[in-house]
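*Asks:* The structure follows.
The values are calculated or read from the model by the stated rules, or taken from the named source; none is laboratory data. Note that this is a predicted model, so its numbers are computed, not measured. Don't worry about glycine lacking a Cβ; one is built from the backbone with ideal geometry, like all the others, and counts go over all protein chains shown. The area values use the complete protein model at the heavy-atom level, side chains included, leaving out ligands, DNA and RNA. Shrake-Rupley method; radii C 1.70, N 1.55, O 1.52, S 1.80 Å.
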Amino acid sequence: MTRSASPKRITKPLRPPYVLEEQIGFILRQVWQRHATIFAREIGINLTSAQWAALAKLNETGPCSQNQLGRLTAMDVATIKGVIDRLTARGLTETSADPGDGRRLLVSLTRAGQQLAEKVAPNALAISKETLTPLNAKERETLVALLGKLR
């Protein structure tokens, strides 16, 4: 009588080499989801985070080309175009010819856009503060500095 080989049992390692919950991308996505929820609840007006970024940067820098605004807000060409189109349709931004280069258009805030940016800025600061609430002041400073190094 031949003895058949017993099947080998596959044992699960005690600790797998890749644990999803410990990976930076997974953690950043969860943090982003939490921040996006806070943003949507607290911004106080119907604005996306990309629209707010464009308004805030234009309020900070003044008129600039759409391409430059995209670079300043970390948006690709198609995204910034859509953002500006929607803000312009709402009367918050406008375009005009660049006096230094007639081939280029400058994007600027309208008076309504500037007023909105100034009105919403305190909400945006509160959103950042709430996102960082689980951390103490030193941890907040460290986190922002470390994330800045990862850009």
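*Asks:* Solvent-accessible area of Leu125, probe 1.4 Å, all protein chains present, reported in Å² to the nearest ten, please.
*Replies:* For Leu125, solvent-accessible area is about 130 Å².
*Asks:* Follow-up. Given the options Val77, Leu143, Ala117, identify the residue whose Cα lies farthest towards the positive end of the charge dipole of the chain (+1 on Cβ of Lys, Arg; -1 on Cβ of Asp, Glu).
*Replies:* Value computed over the given set: Leu143.
*Asks:* Can you tell me the order of 136-148, 57-69, 15-27 when each peptide is scored by its average per-residue count of other Cβ atoms within 10 angstrom, highest first? Walk me through the intermediate numbers first.
*Replies:* On the way: 136-148: 10.7, 57-69: 16.3, 15-27: 8.4.
Those peptides, ordered most packed to least, come out 57-69, 136-148, 15-27.
*Asks:* Relative to the first principal axis of the alpha-carbon coordinates of the chain, what is the inclination of helix 49-61, with its axis defined by its Cα atoms, in degrees from 0 to 90 and to the nearest 10?
*Replies:* With both axes taken from Cα atoms, the answer is about 40 degrees.
*Asks:* Right, another one. Given an 8 Å cut-off on Cα distances and at least 6 residues of separation, report the relative contact order of the chain as a percent. Could the numbers behind the result be given before it?
*Replies:* On the way: 110 pairs, mean separation 34.9, N = 151.
In percent, rounded to a whole number, it is 23.
*Asks:* Oh, and also: Using only C-alpha atoms and all pairs of different ones, pull out the Kirkwood radius for the range 1-130 in Å with one decimal. Numbers along the way, then the final one.
*Replies:* On the way: mean 1/r = 0.0557 Å⁻¹.
Computed over Cα pairs of the range 1-130, the Kirkwood hydrodynamic radius comes out at 18.0 Å.
*Asks:* Could you point to the residue in Ile10, Leu20, Pro134 farthest towards the positive end of the chain's charge dipole, with +1 and -1 charges on the Cβ of Lys/Arg and Asp/Glu respectively?
*Replies:* Ile10
*Asks:* In debye to the nearest 20, how big a dipole does the chain give about its Cα centre with +1 on each Lys and Arg Cβ and -1 on each Asp and Glu Cβ? Don't skip to the end; give the middle numbers.
*Replies:* Details: 22 positive and 13 negative charges, 193 e Å.
With only Lys, Arg, Asp and Glu charged at Cβ, the dipole is about 920 debye.
*Asks:* Here is a follow-up. Computing the accessible area with a 1.4 Å probe over protein heavy atoms, can you report the carbon and sulfur percentage for the chain?
*Replies:* Working: 6380 of 11110 Å².
The computed percentage sits at 57.
*Asks:* Per residue of the range 119-126, what does 6.51 cos²θ - 1.76 cosθ + 1.60 with θ = phi - 60° give for ³J(HN,Hα)? Whole Hz please, x for Gly and Pro, Karplus curve as stated.
*Replies:* 5, 7, 3, x, 5, 5, 4, 5
*Asks:* What is the sum of charges around Ala145, taking Lys and Arg as +1, Asp and Glu as -1, for the other residues whose C-beta is under 15 Å from the C-beta of Ala145?
*Replies:* Working: positive: Lys138, Arg140, Lys149, Arg151; negative: Glu139, Glu141.
Overall, the nearby charge balance is +2.
*Asks:* Would you work out which of Leu105, Gln30, Ala50 lies farthest towards the positive end of the dipole of the range 29-151? Charges go on Cβ: Lys and Arg +1, Asp and Glu -1.
*Replies:* The Cα lying farthest towards the positive end belongs to Gln30.
*Asks:* If Lys and Arg each add +1 and Asp and Glu each add -1, what is the summed charge of the other residues whose beta carbon sits under 10 Å from the beta carbon of Leu106?
*Replies:* Details: positive: Arg104; negative: Glu94, Asp98, Asp101.
Once positives and negatives cancel, what remains is -2.
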